[in-house]
Amino acid sequence: MISLLAQQTVQPIRTPPIDWFSIAPEIALFSAAILIVLVRSLVRRSPRVFDAALYIAAAGIVTSAVFTFVQWHFVDRDGPYQAIAGMVAVDGFAVFVRTVVLISLTLALLISVGYLRREQLEAPEYIALMVLSATGMMVMASANDLIAIFLALEILSIALYVLSAFDKRRLTSQEAGLKYFLLGAFSSAVFLYGVALVYGATGTTSLTGIAKFLAGNAVLDNGVLFVGFALLLVGLGFKIAAAPFHMWTPDVYQGAPTPVTAFMAGATKAAAFGAILRVFVGTFDLYRDDWRPAVFGLAVISMAVGTIAAVVQTDVKRMLAYSSIAHAGYVLIGVQAATRKGTSAALFYLLVYALMIIGAFAVVSVVARRGDERHSLDDYRGMARREPVLAGLLTLFLLAQAGVPLTGGFVAKLGVFSAAVDAGQYALALVGMLTAVISAFVYLRIVLAMYAPDAEAPAEDEAPLRVDAATGVALFLASVAVVVLGIVPGFALDFARDATLLLAR
Amino acid sequence: MSSNFPLLTALIVMPFVGAVVTLLMPNRRPELVRIVGYITTAATLGFALYLLADFATATHGYQFVESHSWMGEFGVRWLVGVDGISLFMVALNALLFPLGLLASAKVPNAKAFTFWMLLLEGAVMGVFLSLDLILFFVFFEFVLVPMYFIIAGWGYDNRRYAAMKFFLFTMAGSAFLFVGILSVAFLYQRDGHALTFDSRVLIEWASTHGSMALGTSKWLFLAFAVGFAVKIPLFPFHTWLPDAHTQAPTAGSVVLAGVLLKMGTYGFLRFSVPMFPRAAVALAPLMLVLAVIGITYGAIVAAMQPDLKRLIAYSSIAHLGFVVLGTFAFTAQGISGGLFTMLSHGLTTGALFLLVGMLSDRRHTREIAAFGGLWKSVPILAGLFIATAFASIGLPGFSGFVGEFLALLGAFLTSRWYAVVATSGVILAAVYLLWAVQRTFTGEPEGENATLPEISFRELVTVVPLLALSLFLGFHPRPVLDRLEPAARDLVTHIEQNSDYRAPVVSKQGPKVAAQEAAP
């Protein structure tokens, strides 16, 4: 706040003091990514360079996690604050979203190792890009300025465009990359236009400044402001894959390398929702009556489109892609409540969803075998007989996504629906529950296929599926977390609640 | 056992622990898994018997209550307790599972089967013991998962369709229930209280005059009702049941009919009616009409079934109709009768499904037309079947009579014409079951029917306890009624206090005795 005022009175060229600590988690990841690229270019031919990249990434993640934890400790003790001319908010909210991003990154990297080895794509660049994308997401989590959010959006997106097209031998992967890039660039432009309009209406891009302006001034001619809201929502709605901005999702999710899809579903959603929550619930709080109907509509359309379209799919990856649209709808229920309760419920949902979807995609990645092509429902037929553990794990992740009790998915749904009912939105909660029934049908189709008798399976004598150690670790961690969050969710719920209370304004 | 032993938690957790242990057993040793299954269910039955013995009859209200914080953020607690309404459901559940496991000693893939059965037992225990609405819902919904896998994994030809239908129907019903639960809790919070899902607190609050408008409470009652009606199943939500019952393996059918259906009627008695007494009284005609339709429709359709298992499935719709009839009669007799029927139906229909399972194991068909003259080839099995059929019809001397008689009596006091129509259900029950018995067991056995193997000792052990209990309770229902009635009377008093309904007063002595007492 003080630095903002100082900026306006003193020379405009003076750079603000940099609080390195506030962006330490991002710097750790960013350094890791740069180091990987550097090592790659220095040691060109050594086959060990891929392993080195993994170790560097691991070191970066651990350092970043430690800094995030220390930040939480300080925020918990001293309260939230802003740094770097109000561009960065160091608060519980940022810490929570960063945690989800780091967990997603770790799990996605773990399942990537086996995937890359199998596909003979052992490129350190892949690791670097994923870490870089996560850096963008971390920036997004703590960005307190529309410009910073835009920068974060670009950092995370550009890396993801490349990652989507990473398996360049597969046409579908190339198509995914191109499609994601074209539509993504378009949505970035829309977002930027929204930033411009909000700036035009309020005279600042700082979220704190906007909130202050809106609180202090009655905007009589609010058309510009509202169009700005709408465009921001469209731009971010694209990233969270909310209908009707979901057109890219099935194709990109299906075409991208499976670990990248997992990462996109888990981490991108968390980061973009972090931005939505901070911008709409945190900043445009006073105008909630104006944007809530829009989010209400997005939530209903997302849930309906996501579940109903998933019913007719025969490709498991596409099914999960459509269900991911539906899950965006469930999180939007929490956003729509526009309350503390809703925000913490949305955060908890994002955490659980990241674990469920990455776990599910880990199994999908293994089942796909070499070539990453075998995603048809037929490829899952009779799997339970041959691979009982793998089938059991996928069942767990799918049932959790359906919101079955004693899994984290149920607690997550309980959170968002109780936030909706608390805000008086009975209809939204009911629509959510009923679409959950349809989505249960989708998940059960996969489960039924897995538990179908072997006779219906294609009678080829195939090698058993290979689960490499890293994927095994990822599966173990994700499944344990999903069950623990379903049975004793108290600690994570408290974390989500505290994260919302400690919001830098 | 010390007095502060968490008996109810043990009842719920024991099967779950057993399920985890089965997972750790080696795949190649199914006999180990079976032993774990028997030990776990037997231990649970032991806990249940201890509970029965230790349950105080003189007091009313919940006993053995345990309360721990669970999801503090949402105000959800691990809150369990037992009273007359739930006591016998717990006992029935604990009894049916060991018998069900015993009956399915020959199923393939015993490890997975035992795992799901144990999970199911724990979840059903949780349903009947939870006093926290969210905890209740957790178990209520979780029950679907193991039951789904039991039907889909070990059922008959059309099992996958039936399992899916079962899951989706009940889950759709639960959607309304869930929103209803959340709505009650948040209305309570908006009234200026701390958020809680403790059913005792919410019942106390929601049933009080002035806490919510009659319209609100009607909507909420309906939301709860849809969730429970699908489970019972009440006409017109019943279409999943014949499929699920017919396709489920024997043990699945036994527990489905024995305890799972009762989760619906239990929900009405435990939550819907006490929480929204005015709405319940106002909407009672609707519920009574549906109950009577269920009784007559279920019976008529049952008579037309060519498949023995489907016949029993439809008969369940009719029997559960009596429970709903008794419940919405709002008299102590009606509610006691409903509760008694819940127990009795679990015993008799459980036994019937076991016997049909034996027949179908022997003949590999359940078509009534395929049987005939079994009386000559398997006299003991036939005798047991006929005795069980009589018990199910409600012949005096069996438990079915006590329950349905009380339910009809209670309904006659307040909703006379419904009771009159429902009585036809008793006659129709005799029609469909006796007709089926006649076609199956009488005549001369031909072909395969002449050479069926007689009932084995293991099979005998599964059926006899159920039949014996039914017979015992038919002659001596006092031990059960002593524990049911305080809860039933409590419920009626609660409805009277919180609505303008008044239960009719029936003199226990009758007019003659009363006059003599008045004379001196």
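Please tell me the relative contact order of region A:250-358 in percent, rounded to the nearest whole number, where contacts are Cα pairs under 8 Å and at least six residues apart. Working shown, then result.
Details: 115 pairs, mean separation 39.4, N = 109.
Computed value for region A:250-358: 36 percent relative contact order.
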_Under the rule a/c < 1.5 gives rounded, and otherwise a/b versus b/c splits prolate from oblate, where does region B:34-151 land using the Cα gyration tensor?_
oblate
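What number do you get for region B:1-94 when its Cα radius of gyration is normalised by 2.2 N^0.38 Å, N = residues? Intermediate results must be reported in sequence, preceding the final value.
On the way: Rg = 15.8 Å, N = 94, 2.2 N^0.38 = 12.4 Å.
Output field value: 1.28.
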*Once whole DSSP H runs in chain A are found, which of them have Cα atoms spread over 24 Å or more along the helix axis and a mean Kyte-Doolittle score of at least -1.0?*
A:24-42, A:49-78, A:92-119, A:124-142, A:146-164, A:171-202, A:223-239, A:288-311, A:316-337, A:340-367, A:426-450, A:469-487
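Using 0.36 nm times the number of residues separating A:E373 and A:V224, minus their current alpha carbon distance, what extension gain do you get? Working shown, then result.
Details: separation 149, 0.36 × 149 = 53.64 nm, distance 4.70 nm.
So the chain would gain 48.9 nm between A:E373 and A:V224.
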*Longest span of chain B, sites excluded, free of trypsin sites (Lys or Arg not before Pro) in DSSP loop with at most 16 other C-beta atoms within 10 Å?*
B:107-501
*Hey, what did chain A get for relative contact order, percent, Cα under 8 Å, at least 6 apart?*
16 percent
*Counting only Cα, what are the radius of gyration and maximum Cα-Cα distance Dmax of region B:130-225, in Å?*
16.8, 55
_Over 29 Å (Cα to Cα) - which of B:K165/B:K376; A:K317/B:K165; A:K179/B:K165; A:K168/A:K317; A:K179/A:K212; B:K106/B:K309 fall in this group_ = B:K165/B:K376; A:K179/B:K165; A:K179/A:K212
*Cα-projected label distance for A:L182 with B:R190, points at 7 Å along beta-carbon direction, nm*: 4.8 nm
*asked:* Tell me the net charge near B:G46. Cut-off is 14 Å between Cβ atoms, B:G46 excluded, with +1 for each Lys or Arg and -1 for each Asp or Glu.
replied: -2
_Need one word for region B:179-319: rounded, prolate or oblate. Basis is the Cα gyration tensor (sqrt eigenvalues a ≥ b ≥ c); a/c below 1.5 gives rounded, then a/b vs b/c decides._
prolate
*So, in Å, what gap is there between the alpha-carbon centers of region A:208-269 and region A:53-95?*
24 Å
*Bin all alpha-carbon pair distances of chain B at 20 Å intervals from 0 and give each bin's fraction as a whole percent.*
24, 58, 18, 1, 0
*Given the rule -39500 (n - 2.57) for each run of at least 4 DSSP H residues, summed and divided by the residues of chain A, what is its mean residue ellipticity at 222 nm, to the nearest 500 deg cm²/dmol?*
-24500 deg cm²/dmol
*When Cβ neighbours within 10 Å are restricted to other protein chains, what is their mean count per residue of peptide A:428-441?*
4
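Specify, per residue and in Å³, the volume enclosed by the convex hull of the alpha carbon atoms belonging to region B:86-136. Write out the running numbers ahead of the final one.
Values: hull volume 2.7 nm³, N = 51.
For region B:86-136, the hull spanned by Cα atoms encloses 54 Å³ per residue.
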*In angstroms, what radius of gyration and Dmax does region A:298-402 have, counting Cα atoms only?*
15.2, 48
*Report, in whole Å, the centroid distance computed from the Cα atoms of region B:209-262 and region A:466-505.*
34 Å
*asked:* What is the sum of charges, Lys and Arg at +1 and Asp and Glu at -1, for the other residues whose Cβ falls under 15 Å from the Cβ of A:F245?
replied: +2
_Please compute the Kirkwood hydrodynamic radius over the protein assembly as shown, one decimal place, Å, based on all pairs of different Cα atoms._
30.5 Å
_Length-normalised contact order for chain B - Cα pairs under 8 Å, 6+ apart - percent_ = 15 percent
*Mean residue ellipticity at 222 nm from the helices of chain B, using -39,500 (n - 2.57) per DSSP H segment of n ≥ 4 over the full residue count, to the nearest 500 deg cm²/dmol?*
-24000 deg cm²/dmol
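Within 10 Å, at most 16 other Cβ atoms, and a DSSP state outside H, G, I, E, B define an exposed site. Report the longest part of chain B free of exposed GluC sites (Glu not before Pro). Write out the running numbers ahead of the final one.
Numbers: sites that count: B:E446, B:E454.
In chain B, the maximal stretch lacking such sites is B:1-445.
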*Local charge sum around B:M358 (other residues, Cβ-Cβ under 13 Å, Lys/Arg +1, Asp/Glu -1)?*
+3
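No value in this document is a laboratory result; all are computed from the given coordinates. These figures come from a predicted structure and were not determined experimentally. Reconstructed Cβ throughout: ideal geometry from the backbone, glycine too, with neighbour counts over all protein chains shown.
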